[in-house]
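Inspection log for the structure reproduced underneath, given as structure tokens.
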Amino acid sequence: ESTVCDKIFLTEKTWKPIASGQLFLILGNRGIVQHLREQGVDCFDDIIDHSYDSIEDSRERIAKLQESVNTLLKEDLYKINLLTKQRRTKNAELFWSDKLYYEL
């Protein structure tokens, strides 16, 4: 995202991977992943460690995000892609529906 300030701020940088059916990690505001969950977006918590989302200090949040990226890169991404296809498609369908509250 464009900022790591305290207010939830979503732009196309967040919505683009969701709309196109991709996995995602977000460098943004604290609580942004939780906000997406509340909107009904599958954040793939069983695959991606989003614990960085609750860290108040932005530098610590970035460091924890990097740990999540490094952990994910050790996995079989092709297998994850196959196993999550239906869930990623559901996220894209949710994005294109009228059921989300967009903050663009």
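The values are calculated or read from the model by the stated rules, or taken from the named source; none is laboratory data. Just so we're clear, the structure is a prediction, and the values are computed from it rather than from any experiment. A quick note on method: Cβ atoms are made from the backbone with ideal geometry, for glycine too, and the neighbour counts reach across all protein chains shown. Side chains are part of the model used for accessible areas, which takes the heavy atoms of the whole protein and leaves out ligands, DNA and RNA. Shrake-Rupley method; radii C 1.70, N 1.55, O 1.52, S 1.80 Å.
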Residue, nearest to Y78 (Cα to Cα), within region 46-59, restricted to residues that are open to solvent by less than 80 Å² (accessible area, probe 1.4 Å) and either without any contact (Cβ under 8 Å) to a residue 12 or more places away in the chain or acidic (D, E) (or both) = D49
Hits in region 53-104 - residues which are closer than 15 Å to N29 by Cβ and assigned to a loop (DSSP other than H, G, I, E, B) = I55, E56, D57, E103, L104
remark   = In region 63-104, residues that are open to solvent by less than 70 Å² (accessible area, probe 1.4 Å) and acidic (D, E) total 1
message = What's the number of the only condition in (1) touching a helix residue (DSSP H, G or I) at 6+ places or on another chain (Cβ under 8 Å); (2) more than 21 Å from K13 (Cβ to Cβ) that G40 fails to meet?
response = (2)
ask   = List pairs: first in region 1-21 and modelled with pLDDT under 70, second among the β-branched types (V, I, T) and open to solvent by less than 60 Å² (accessible area, probe 1.4 Å), Cβ under 9 Å, 6+ apart or cross-chain?
value = E1/T11; E1/T14; E1/I26; E1/I32; S2/T11
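Per-residue answers, yes or no, for (1) in a helix (DSSP H, G or I); (2) open to solvent by less than 60 Å² (accessible area, probe 1.4 Å):
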site: K13; (1), (2): yes, no
site: K16; (1), (2): yes, no
site: L23; (1), (2): no, yes
site: L27; (1), (2): no, no
site: H35; (1), (2): yes, yes
site: V41; (1), (2): no, yes
